[in-house]
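A short write-up of the structure that comes next.
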Amino acid sequence: MPDDRKNLGHRGETAAISFLQTRGFTILEVNYRTKSAEIDIIAKDKNCICFVEVKTRRSLKKGLPRESVNYSKQKKIILGASFYLKEKKQMNSRVRFDVVEVLEKNGAFDINLIKNAFQGH
């Protein structure tokens with residue numbers, strides 16, 4: 001089953017990228033990794049750099065996908081974001097932390113973008 005979950009996550013991420021692009025986002029990085037964090041998508045929305053966590057589920061049995069982006073997950077994303085901003089010399093950029101919820105129903109994706117899902121420091 002883990003492979004199936006990984007496959008679902010990958011398909012959800014791919015769907016999220018298309019979804020963001022159709023809304024005018026420019027994708028900068030996918031699966032950006034540091035020693036302590038991984039950020040699913042880094043994108044630009046107008047003049048704002050968005051760090052996007054994608055959560056994909058098949059059912060709501062375990063709650064809404066966004067509910068799994070808990071405090072410790074948020075801290076890791078914020079840490080990864082600050083590393084990225086330093087690396088790219090973008091420390092003065094406007095930044096936002098978004099969550100994209102992807103719910104798979106009968107092979108189709110229902111996608112919800114939550115802008116400003118949580119705040120950095």
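The values are calculated or read from the model by the stated rules, or taken from the named source; none is laboratory data. What you see is a predicted model, and the numbers here were worked out from it, not measured in a lab. Positions of Cβ are generated from backbone atoms using ideal geometry, with glycine treated the same way; all protein chains shown enter the neighbour counts.
A few notes on this one:
- Taking the criterion of being over 16 Å from the mean Cα position of the chain (by Cα) and either aromatic (F, W, Y) or at pLDDT below 95 (or both), the residues of the range 90-108 that qualify are Q90, M91, N92, S93, E104, K105, N106, G107, A108.
- Conditions (1) in a helix (DSSP H, G or I); (2) at pLDDT below 90; number of the one not met by G63: (1)
- Of all residues in the range 100-121 being among the small types (G, A, S) and without any contact (Cβ under 8 Å) to a residue 24 or more places away in the chain, the one that is nearest to I49 (Cα to Cα): A108
- Positions within the range 36-59 being closer than 16 Å to N7 by Cβ and assigned to a strand (DSSP E or B), in sequence order: D40, V54, K55, T56, R57
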